[in-house]
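Some notes on the structure that comes next.
The values are calculated or read from the model by the stated rules, or taken from the named source; none is laboratory data. Small disclaimer: the values here were computed from a predicted structure and weren't measured. Backbone-built Cβ (ideal geometry, glycine too); neighbour counts: all protein chains shown.
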Amino acid sequence: MSDTKYYPTIGLEIHAELSTETKMFCSCKNDSDEERPNVNTCPVCMAHPGTLPVPNEKAIENVVKVGLAVGGEIANFSEFDRKNYFYPDIPKGYQISQYKYPIVSGGELAGVKLTRIHLEEDTANSKHDRGNFSLVDFNRAGVPLMELVTEPVIHDAETAMKFAKEFRLLLQTLGVSHGNLEKGEMRVELNISISPDPNVFGTKVEVKNIGSFSAVGKAAAFEIERMIDLYEAGRQDEIVQETRGWDDVKQGTYSQRKKENSNDYRYFPDPDIPKFQLHDMFNLDEMKKNLPELPWQKRDRYKKDYGIKDEDIESYVVDQTLGNFFESVCKILGNPESIKIASNYVTSDMVGLLAKDEALKMPSPETFAKLIAMNADAKLNSRGTKDILAMILAADSDPEAIANEKGLIQQNDEGALRAAAQKAVDANPNVVAEYKAGKESLLMFFVGQVMKETKGSANPALVQTILKELLK
């Protein structure tokens, strides 16, 4: 391989179905869970002659919300256009989209500059897995579809993947889309190029058919490597403007078709849909004021108020149910140190136990907070806390009653613990000799003996202090 450095450039196009009750231009139900084909259809979304589209105001409002959240400019004038192309999943022979006057221009998310966010209708869903023929399900035809386009300012696969995750998190926080990639509610497309000159863009390739966040990163990394290999082999002319698909089984991209330019679609304003004056339609100041706490705002607050680890914060921001549970626990505990202990047990122990066994349920915040308070007050050691946590996930019971019943209340009686420690020392003279000879790690052997003698109820920190005195 040569010493030439190649500069990747990535831009993202992300489509997200909006979770409105009805479709974009008709009153058909918008239901991504519907498994029966072609039941949510009508003459409008099936493009019967003489039918007219009526815009869904809620869908427009949802795009405005996203625009406000990312600090974009909300257009005053906006309109819908016809994007002309023929494909079996487009019953009209054109898609209603936006071209020159998108609802949102600019903005920034996760440190990535945005070009635009616009609104269009989704296509029908083609089924190609039926043997030697394909079928089309029109339930999805006409569903409101938001498209976000970033500036070409991403330069690595990891950033592309993180951006896609942050965008879905924003959509879910705003309540405008579920963003489920597996169900096709959110679709990520990569525009990738490489160049040996950082000031010159290379030939752009679009990668589609990406079904998971990990695949976003893998597809970007693969395509960058493919282009570099072609450059290194002197075959860079084989990098052409095209659409490629991602094969999750083969973990690679494959050519699908030559990429169209915007003039190929012959955009023109849709004559059946009125123009919009968005600043008159919506009170933008009021909408901005009423936005929920956004993911980056929540991260900052958790850091400031609770002082917990960044990875813990991310768990609570991504999982709203878990975050709400943790905040309820924090209100009960109040004490900063107890809150940090609580967070460790939530993310390290409780989440793991819940993931392993579907029969387990999250306890009430009050029950969990009481368990943590017992740990913070040295009534329970770590082992006892973990054991009782598993029990209260199976049944939301009083942790103090469990601790008393199971003999798990931590022993802090120095006299009793000294006696147990002395017993362990007397029973193991050879180990004592090794310890005194410099093998200090054997201290934990004696701690284990004392814990065994006390059935795990001894205060391990106090036990260590006592043992160090006895083993001088």
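When Glu35 is tested against (1) surrounded by fewer than 16 Cβ atoms within 10 Å (Cβ to Cβ); (2) among the acidic types (Asp, Glu); (3) not in a loop (DSSP other than H, G, I, E, B), exactly one condition is not met: (3). For region 220-254, the set of residues classified as out of contact with any Lys or Arg (no Cβ under 9 Å at 6 or more places or on another chain) and under 18 Å from Lys162 (Cα atoms) consists of Ala220, Ala221, Phe222, Ile224, listed by residue number. Among the residues of region 410-444, those identified as on the phi < 0 side of the Ramachandran plot, in a loop (DSSP other than H, G, I, E, B) and surrounded by fewer than 17 Cβ atoms within 10 Å (Cβ to Cβ) are Asn412, Asp413, Ala427, Asn428, Ala437, Lys439. Here Asp377 fulfils each of the conditions (1) without any contact (Cβ under 8 Å) to a residue 40 or more places away in the chain; (2) in contact with a Leu (Cβ under 9 Å, 6 or more places away or on another chain); (3) under 29 Å from Leu360 (Cα atoms) apart from (2).
Listed here are the residues, each with its yes/no results for (1) free of Cβ contacts under 8 Å to residues at least 40 places away in the same chain; (2) within 30 Å of Pro53 (Cβ to Cβ); (3) in the same structural domain as Ala157 (by TED's automatic domain parsing); (4) among the hydrophobic types (A, V, I, L, M, F, W, C).
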| residue | (1), (2), (3), (4) |
| --- | --- |
| Phe201 | no, no, yes, yes |
| Gly217 | no, no, yes, no |
| Glu225 | yes, no, yes, no |
| Val240 | yes, no, yes, yes |
| Thr243 | yes, yes, yes, no |
| Lys250 | yes, no, yes, no |
| Ser255 | yes, no, yes, no |
| Pro269 | no, yes, yes, no |
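Within the set Arg226, Arg187, the sole residue that is charged (D, E, K, R) and closer than 17 Å to Leu12 by Cβ turns out to be Arg187.
Candidates are the residues of region 225-265 that are basic (Lys, Arg) and surrounded by 12 or more Cβ atoms within 10 Å (Cβ to Cβ); the one that is farthest from Val207 (Cα to Cα) is Arg226. Total residues in region 169-184 satisfying the condition of being part of a loop (DSSP other than H, G, I, E, B), among the hydrophobic types (A, V, I, L, M, F, W, C) and closer than 17 Å to Leu109 by Cβ: the figure is 1. A single member of Leu68, Leu52 is part of a helix (DSSP H, G or I) and among the aliphatic types (A, V, I, L, M), and it is Leu68. Inspection of region 105-115 finds a residue satisfying the criterion of being in contact with a strand residue (DSSP E or B) (Cβ under 7 Å, 6 or more places away or on another chain) and in a loop (DSSP other than H, G, I, E, B). Take the conditions outside any helix (DSSP H, G or I) and either on the phi > 0 side of the Ramachandran plot or out of contact with any Phe, Trp or Tyr (no Cβ under 6 Å at 6 or more places or on another chain) (or both) and apply them to Ile308. Does it pass? Considered against the rule, which asks whether it is outside any helix (DSSP H, G or I) and either on the phi > 0 side of the Ramachandran plot or out of contact with any Phe, Trp or Tyr (no Cβ under 6 Å at 6 or more places or on another chain) (or both), Ile308 comes out as yes. The residues of region 86-142 that are surrounded by fewer than 20 Cβ atoms within 10 Å (Cβ to Cβ), hydrophobic (A, V, I, L, M, F, W, C) and in contact (Cβ under 8 Å) with a residue 24 or more places away in the chain, listed by number, are Ile90, Ala110, Leu135, Val136. Taking Tyr302, is it part of a helix (DSSP H, G or I) and either in contact with a Gly (Cβ under 7 Å, 6 or more places away or on another chain) or surrounded by 12 or more Cβ atoms within 10 Å (Cβ to Cβ) (or both)? Yes, satisfied. Screening Lys65 against (1) over 21 Å from Asp280 (Cα atoms); (2) under 25 Å from the mean Cα position of the chain (by Cα) leaves a single unmet condition, (1).
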